[in-house]
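The values are calculated or read from the model by the stated rules, or taken from the named source; none is laboratory data. Computed from a prediction, not measured in an experiment: that's the story for all the values here. Here the Cβ positions follow ideal geometry from the backbone for every residue, glycine too, while neighbour counts run over all protein chains shown.
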Amino acid sequence: MRALYTAATGMKAQQLRIDSVANNLANVNTTAFKKSDAQFEDMFYEKVQTGSGATAQGTTAADTVEVGHGVRAGQVRRDFSNGGLQQTGRPTDMAIVGEGFFGVTDAEGNELFTRNGNFTADANGNLVLPNGMALADGITIPAEFDSLSIREDGVVLATIAGEPTQVGQIQLRTFTNPSGLDALGAGLYRATEASGVAQTVIPDTGNAGSIQERSLELSNVDVAEELISMIQAQRAYELTGKVIQASDEMMQATNQLK
């Protein structure tokens with residue numbers, strides 16, 4: 001019976017949806033986390049001949065019906081809409097308001113991308129993430145400064161002996177299709193063919209967002225929406241399970257016919 005296999009694809013699909021919801025809820029407090037949503041598409045259709053009938057031209061044509069064979073995962077789409085802002089008061093913390101990513105460099109010298117602006121100055125004055133990856137813009141904070149400020153356009157100013165001095169310019173990276181980025185974990189992404197090449201732009205210009213100093217971006221997960229999705233997936237899973245049970249009972253009844 002087709003229903004057995006069709007319902008099984010539905011149960012697998014709802015398992016994937018639950019996996020996506022679980023990951024979103026687990027990262028509800030992760031800095032700059034972007035929620036994901038499982039997208040599905042129907043599978044191929046089988047044409048079943050039911051009979052024949054006359055056409056308008058008087059010829060005979062077979063009547064067919066299309067029977068679907070279930071569902072499959074199309075993609076898990078990441079939502080890059082902005083999360084809320086949390087003021088931290090730390091001068092090296094930054095949040096992006098709008099589109100764009102910070103560029104950071106890994107140990108092999110490859111450029112990766114992140115929305116996490118939880119930077120600190122290392123022993124050499126370089127701005128680095130907690131995992132040690134340095135901001136790709138090559139900004140060095142002076143060892144002795146009275147105060148540090150970061151403007152909306154990414155200009156970094158350090159006040160030394162009462163005199164504001166520009167020590168660097170933060171630039172953002174934008175993509176034609178951010179949803180095509182490859183997620184690596186730890187809030188890091190890698191450019192792919194689907195995302196396009198990173199465009200380096202000055203913050204608060206063009207389609208790039210601005211920099212909010214002394215703040216961090218929160219996760220964009222909406223707990224209420226995720227709970228609704230979880231309930232919907234659970235109910236759909238139960239219903240497809242009942243289809244399998246009904247199909248099994250019909251097969252049992254057929255086997256018992258004499």
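Condition (residue is outside the structural domain of PRO142 (by TED's automatic domain parsing), outside any loop (DSSP other than H, G, I, E, B) and closer than 19 Å to PHE175 by Cβ) applied to segment 65-74: is it met by at least one residue?
no
From the residues in segment 1-39 that are polar (S, T, N, Q) and more than 16 Å from GLY84 (Cα to Cα), which one is nearest to the chain's Cα centre (by Cα)?
Only one residue fits best here, namely SER36.
So, in segment 74-98, of the ones that are small (Gly, Ala, Ser) and under 24 Å from SER195 (Cα atoms), which residue ends up surrounded by the fewest Cβ atoms within 10 Å (Cβ to Cβ)?
Across segment 74-98, the extreme among qualifying residues is SER81.
Looking for whichever is surrounded by fewer than 22 Cβ atoms within 10 Å (Cβ to Cβ), in contact (Cβ under 8 Å) with a residue 24 or more places away in the chain and over 16 Å from ARG214 (Cβ atoms) here; the options are ASN131, ASN118, ASN124. Which one fits?
The unique qualifying residue is ASN131.
Name every residue in segment 201-226 that is without any contact (Cβ under 8 Å) to a residue 60 or more places away in the chain, of a type in the set (A, V, I, L, M, F, W, C) and assigned to a helix (DSSP H, G or I), in order of residue number.
ALA224
Can you find a residue in segment 156-163 that is farther than 18 Å from ARG115 by Cα, outside any loop (DSSP other than H, G, I, E, B), of a type outside the set (Asp, Glu) and modelled with pLDDT under 90?
yes
Could you please tell me which pairs satisfy a Cβ distance under 9 Å, a separation of 6+ or placement on different chains, a first residue in segment 231-246 that is closer than 27 Å to LEU25 by Cβ and outside the structural domain of ALA13 (by TED's automatic domain parsing), and a second residue that is part of a helix (DSSP H, G or I) and hydrophobic (A, V, I, L, M, F, W, C)?
Every condition considered, no pair remains.
Do any residues in segment 81-101 that are more than 21 Å from SER179 (Cβ to Cβ) have Cβ atoms under 6 Å from those of residues that are surrounded by fewer than 17 Cβ atoms within 10 Å (Cβ to Cβ) and at pLDDT below 95, where the two are at least six apart or on different chains, and which pairs are they?
From segment 81-101, the pairs are THR92/THR120.
Does PHE33 meet the test of being at pLDDT 90 or above and aromatic (Phe, Trp, Tyr)?
Yes; evaluated as a whole, the condition is true for this residue.
Restricting the search to segment 28-54, which residues are buried (at least 17 other Cβ atoms within 10 Å of the Cβ) and either among the polar types (S, T, N, Q) or out of contact with any strand residue (DSSP E or B) (no Cβ under 6 Å at 6 or more places or on another chain) (or both)?
THR31, PHE33, LYS35, SER36
Scan segment 103-118 and tell me whether some residue there is at pLDDT 95 or above, charged (D, E, K, R) and assigned to a loop (DSSP other than H, G, I, E, B).
Yes - at least one qualifying residue is present in segment 103-118.
Given the structure, is ASP153 touching an Asp or Glu at 6+ places or on another chain (Cβ under 6 Å), over 30 Å from VAL21 (Cα atoms) and in a loop (DSSP other than H, G, I, E, B)?
Judged against the criteria, ASP153 is a match.
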